[in-house]
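Here is the structure we will look at, set down as structure tokens.
Bear in mind that the values in this text are calculations on the coordinates, not laboratory data. Predicted model, so just to flag it, every value in this text is computed and none were measured. Virtual Cβ from ideal backbone geometry, glycine too; neighbours counted across all protein chains shown.
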Amino acid sequence: MWLYSGLADKLSTLTKSLINENKVYISAIIRLELQYLYEIKRITDEPDVIINDLSLAD
């Protein structure tokens, strides 16, 4: 959620390097968790919107 929210500065230098230098995959359980957070109104954007936005962030 930090990446999607534009808060990449909260990530460690190592984490940012790993994300930038490798292909990142999102597991089905993450999609499910995002759906749950959306349903209980902890996040305002639907999971597909978040995942699509992050996949275009190359």
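Structure summary
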{"item": "Among (i) 15.5, 55; (ii) 16.3, 62; (iii) 12.0, 34, the entry that matches Rg and Dmax of the Cα atoms in Å as calculated here", "result": "(iii)"}
{"item": "DSSP-loop trypsin sites (Lys or Arg not before Pro) across the chain, with at most 16 other Cβ within 10 angstrom", "result": "23, 41, 42"}
{"item": "The chain: chymotrypsin sites (Phe, Trp or Tyr not before Pro) in DSSP loop, at most 11 other beta carbons within 10 Å", "result": "2, 25"}
{"item": "Given charges at beta-carbon only (K, R positive; D, E negative), |dipole| of the chain in Debye", "result": "200 debye"}
